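The values are calculated or read from the model by the stated rules, or taken from the named source; none is laboratory data. Predicted model, so just to flag it, every value in this text is computed and none were measured. Cβ placement follows ideal geometry from the backbone for every residue including glycine, while neighbour counts extend to all protein chains displayed. Each accessible area value is taken on the protein alone, full model and side chains, heavy atoms only, with ligands, DNA and RNA left out. Shrake-Rupley method; radii C 1.70, N 1.55, O 1.52, S 1.80 Å.
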Amino acid sequence: MSWNMALLSMRTERNFSQMTALSVLVIGLVASLAACSGSSDSGSLASRTDLSTGSPEDSSAPESPVNGADTVLPTCEQPGVLTCLLPWPDNRLTVADSSMPTGRRLAIPGDATPVNVDGIAIDVTDQNRGDGFSPNSVIVFAAPDVDLVKSGVPNSTAIEDSLPNSSSSSNPISLRDIDSDTDWPFWGELDEPSGLVTLRPAVALTEGHTYQVTIGALVTGQGASVDIDANKQQWSFTVASEESLSSRLLFERSVAYEQIGDGAPKFTVDTVTPGDVQTIDGTLEIPNFLDNDGSPGGKLLFDSAGNPSLNPAHPMYDAAFRCVIPNEVSTPVPALLYGHGLLGSRSQVDFFGAFAGQGMIGACAVDWLGMATEDVANLAGILNDMSRFNEQADRMLQGIIAFQMLGRLTNSALGFVSHPAFQNDDGSPILKADATVFVGNSQGGILGGAASAISSEWSRAVLGVPGMNYSLLLPRSSDWPEFQVIFDKAYTRSEDRLLALALVQLLWDRGENGGYAQHLTADPYPGLEAKNVLLVQAFGDHQVANIATEVFARTIQAKIATPALKDGRSLSKTPFWGIDPIDGYPFAGSALVIWDYGTPAPPVGAAIPTDPEYGRDPHGAGSDEPLVLVQALGYLLGGQLQNVCGEGPCIGKQIDG
């Protein structure tokens with residue numbers, strides 16, 4: 001049995017404006033696949049009751065005196081990141097709390113967190129509401145002057161060597177899931193600015209489980225032994241439970257669906273712009289759980305039970321939408337919801353106008369609230385003071401709810417098609433009922449898995465150039481430097497920057513793929529169905545690191561189209577280790593497809609690929625590649641992945657080499 005199949009077994013037991021010519025080509029190729037798949041519009045969601053039962057007792061976690069209501073935080077004998085937070089994560093930074101699913105509550109000391117140039121330490125109040133650490137945790141420890149290569153610690157090109165059963169492994173470090181008695185794959189790398197060692201899980205850590213890290217003999221470049229405090233050579237940490245990660249978003253979802261019942265959210269059509277397609281702009285109502293009017297800068301309100309609470313002064317928020325739909329159709333067409341890219345807007349849905357103009361689909365979008373163009377100014381302030389990070393993370397939940405309500409409007413007979421703008425001249429609907437699908441690219445691929453995991457409005461999704469775990473992605477992204485300038489000026493110590501990203505990942509988990517991947521294609525949330533998802537990777541991507549896409553693929557148990565690359569293109573010892581191949585076409589399950597545009601292989605480690613050393617960025621090349629569109633639309637509308645690449649790998653227009 002392969003390692004990833006063993007993981008699946010263990011977890012089961014525990015309970016994208018192009019030219020019309022391009023669209024015509026794609027439509028012709030896809031025509032035979034245009035049978036549309038339906039989706040359920042059920043909105044009810046019961047509370048999950050079969051949560052994890054907790055982790056083994058650990059004497060490093062003091063007992064909370066009043067069931068977590070007023071926990072006694074551990075104190076730092078020597079305040080500071082290096083002296084108190086390391087190693088990270090560690091259960092000594094928790095307190096026992098029998099009211100929490102894991103039996104723990106985070107208790108990160110306030111005097112241990114990174115401090116900005118204004119002397120403001122990161123406020124971890126919200127992080128400390130969690131019952132464990134991130135399933136995407138970066139493991140950090142100090143090993144002065146260590147040479148990881150000479151020590152035998154595998155990098156991301158040799159993940160298989162992290163496991164003790166590897167015949168070629170001399171790895172002295174182990175990461176073990178105590179609950180399942182399973183060795184966990186990872187890779188190691190040195191954080192060059194700080195000199196700290198980081199270990200990255202090659203697949204998301206299982207919710208609610210406790211992991212043990214053991215550091216064996218490490219050596220310097222000269223072969224001398226690295227001196228590590230005996231008390232920091234082995235430690236354990238507990239991963240946050242399903243409830244801790246997803247309960248806020250699921251609660252907001254339940255309120256939104258209770259408000260609309262069997263109907264649809266209120267919406268307005270503000271403008272209809274005629275042309276080859278109709279471009280419709282308007283707003284739709286979603287519940288507002290933020291302490292302001294729902295605009296950037298708000299933070300969640302909570303009720304006495306700790307659940308998100310509606311703002312009594314501003315209970316609803318008008319989320320703007322845009323749709324591009326055919327002018328007239330003989331038969332209703334499916335709706336495609338589009339999740340835009342980095343800090344973009346709903347206007348990116350205009351790309352699909354060519355396909356709508358051919359009568360193939362209608363496409364609609366809302367902004368990713370929290371990570372949209374209108375959030376940019378507030379984000380700059382957050383980068384100066386990461387204590388404010390929940391302003392972004394909390395609004396991200398609102399954005400995911402907006403996509404659910406948009407889906408109800410495209411699916412329901414009481415939704416958009418009840419308005420003349422979405423009807424033919426004879427009053428018949430342009431959009432097909434219960435036939436909505438989802439596409440998210442780049443940022444939309446990083447958040448789209450979360451939106452899909454909690455959705456009853458669509459069952460199939462295509463995530464283009466996706467990934468998960470922003471703390472892994474940022475140091476490897478060509479998009480990061482323009483934001484990093486602000487961040488680095490605010491947090492001048494390298495160790496503070498590294499641990500700041502680890503701390504905010506605890507909040508980011510609640511709104512990105514990393515917190516929901518374990519319930520996307522298997523083990524769905526109560527009342528929901530597992531989804532079929534196609535991941536489309538651009539080899540050598542400069543913006544979303546391939547390694548983050550592959551961690552996502554392993555976590556959701558996607559199968560890979562093979563051959564994935566030509567021999568010699570990958571730097572890995574075993575390319576795409578831990579991802580099983582698709583065994584035949586057409587394929588109806590979740591899949592990963594690699595598209596090669598000639599860009600060099602990405603750098604190894606936490607480095608940003610730059611031109612010319614790493615060639616031209618292929619991140620957006622798929623939008624100009626007809627067969628990528630054929631593959632994606634065929635998967636969404638035909639219900640199956642077809643082999644459009646023949647007997648070899650998927651080779652796109654070569655932008656490099």
#### Entry: Filter result (closer than 15 Å to SER456 by Cα, open to solvent by 10 Å² or more (accessible area, probe 1.4 Å) and either β-branched (Val, Ile, Thr) or touching a Phe, Trp or Tyr at 6+ places or on another chain (Cβ under 6 Å) (or both)) within region 507-530
THR521
### Query
Is there any pair with a first residue in region 126-153 that is in a strand (DSSP E or B) and a second that is among the charged types (D, E, K, R) whose Cβ atoms are under 8 Å apart and which are 6 or more apart or on different chains, and what are they?
ILE139/ARG200; VAL140/ASP191; PHE141/LYS232
### Message
List pairs: first residue in region 420-446 and assigned to a loop (DSSP other than H, G, I, E, B), second residue hydrophobic (A, V, I, L, M, F, W, C) and modelled with pLDDT under 95 anywhere in the structure, Cβ distance under 7 angstrom, at least six positions apart or on different chains.
### Response
LYS432/CYS36; ALA435/CYS36
#### Entry: In region 93-125, the residues that are open to solvent by 10 Å² or more (accessible area, probe 1.4 Å), assigned to a loop (DSSP other than H, G, I, E, B) and of a type in the set (Asp, Glu)
ASP118, ASP123
#### Entry: Matching residues, region 324-349, being surrounded by fewer than 23 Cβ atoms within 10 Å (Cβ to Cβ) and within 22 Å of GLN543 (Cα to Cα)
LEU342, LEU343, GLY344, SER345, SER347, GLN348
### Query
Hey, among the residues in region 246-277 that are open to solvent by 10 Å² or more (accessible area, probe 1.4 Å) and aliphatic (A, V, I, L, M), which one's farthest from GLY449 (Cα to Cα)?
VAL272
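Taking region 397-436 only, how many residues are over 15 Å from VAL366 (Cα atoms) and aliphatic (A, V, I, L, M)?
Filtering region 397-436 for residues over 15 Å from VAL366 (Cα atoms) gives 411-415, 417-435.
With the extra rule that they be aliphatic (A, V, I, L, M), the set shrinks to 413-414, 417, 421, 430-431, 433, 435.
Going through region 397-436 one residue at a time, the tally reaches 8.
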### Query
How many residues does region 219-245 contain that are over 17 Å from SER151 (Cα atoms) and open to solvent by less than 50 Å² (accessible area, probe 1.4 Å)?
10
### Query
Quick one: would you say THR214 is open to solvent by 20 Å² or more (accessible area, probe 1.4 Å) and either closer than 30 Å to PRO308 by Cβ or modelled with pLDDT of 95 or more (or both)?
yes
### Task
Please identify the pairs in which a residue from region 263-279 that is modelled with pLDDT under 95 has its Cβ atom under 6 Å from the Cβ atom of a residue that is in a strand (DSSP E or B) and open to solvent by 70 Å² or more (accessible area, probe 1.4 Å), counting only partners at least 6 apart or on another chain.
none
### Message
Taking the criterion of being open to solvent by less than 30 Å² (accessible area, probe 1.4 Å) and closer than 22 Å to LEU501 by Cβ, would at least one residue in region 163-172 satisfy it?
### Response
no
### Query
Which pairs have Cβ atoms under 6 Å, sit 6 or more apart or on different chains, and link a residue in region 570-583 that is among the polar types (S, T, N, Q) to one that is part of a loop (DSSP other than H, G, I, E, B)?
SER572/THR157
### Message
Out of GLU495, GLU550, I need the residue that is open to solvent by 10 Å² or more (accessible area, probe 1.4 Å), over 29 Å from ALA380 (Cα atoms) and not in a loop (DSSP other than H, G, I, E, B). Which one?
### Response
GLU550
### Message
So, in region 174-214, how many residues would count as being assigned to a strand (DSSP E or B) and closer than 29 Å to GLN484 by Cβ?
### Response
14
### Query
How many of the residues in region 185-237 are closer than 18 Å to SER471 by Cβ and not acidic (Asp, Glu)?
19
### Message
Between GLY622, GLY634, which is open to solvent by less than 40 Å² (accessible area, probe 1.4 Å), closer than 19 Å to ALA553 by Cβ and not in a loop (DSSP other than H, G, I, E, B)?
### Response
GLY622
### Task
Tell me which residues, restricted to region 289-315, are assigned to a loop (DSSP other than H, G, I, E, B), of a type in the set (A, V, I, L, M, F, W, C) and under 17 Å from ALA393 (Cβ atoms).
PHE289, LEU301
#### Entry: Matching residues, region 531-545, being open to solvent by less than 10 Å² (accessible area, probe 1.4 Å) and not in a loop (DSSP other than H, G, I, E, B)
VAL533, LEU534, LEU535, GLN537, ALA538
### Residue list for region 478-492, restricted to those being part of a helix (DSSP H, G or I) and not polar (S, T, N, Q)
PRO481, GLU482, PHE483, VAL485, ILE486, PHE487, ASP488, LYS489, ALA490
### Summary
Per the filter on region 282-306, residues under 23 Å from the mean Cα position of the chain (by Cα) and open to solvent by 50 Å² or more (accessible area, probe 1.4 Å) are LYS299
### Message
Restricting to region 419-436, name every residue that is polar (S, T, N, Q) and either in contact with a Phe, Trp or Tyr (Cβ under 6 Å, 6 or more places away or on another chain) or surrounded by 15 or more Cβ atoms within 10 Å (Cβ to Cβ) (or both).
### Response
GLN423, ASN424, THR436
### Message
Residue pairs, Cβ under 8 Å, 6 or more apart or interchain, first in region 182-203 and over 18 Å from SER494 (Cβ atoms) and among the aromatic types (Phe, Trp, Tyr), second open to solvent by 20 Å² or more (accessible area, probe 1.4 Å) and part of a strand (DSSP E or B). List them.
### Response
TRP184/ARG176
### Message
Six or more apart or on different chains, Cβ atoms under 6 Å: show the pairs whose first residue is in region 324-350 and closer than 30 Å to LEU473 by Cα and outside any strand (DSSP E or B) and whose second is of a type in the set (D, E, K, R) and modelled with pLDDT of 95 or more.
### Response
LEU342/ASP479; SER345/ASP367; ARG346/ARG322; ARG346/ASP367; VAL349/ARG322
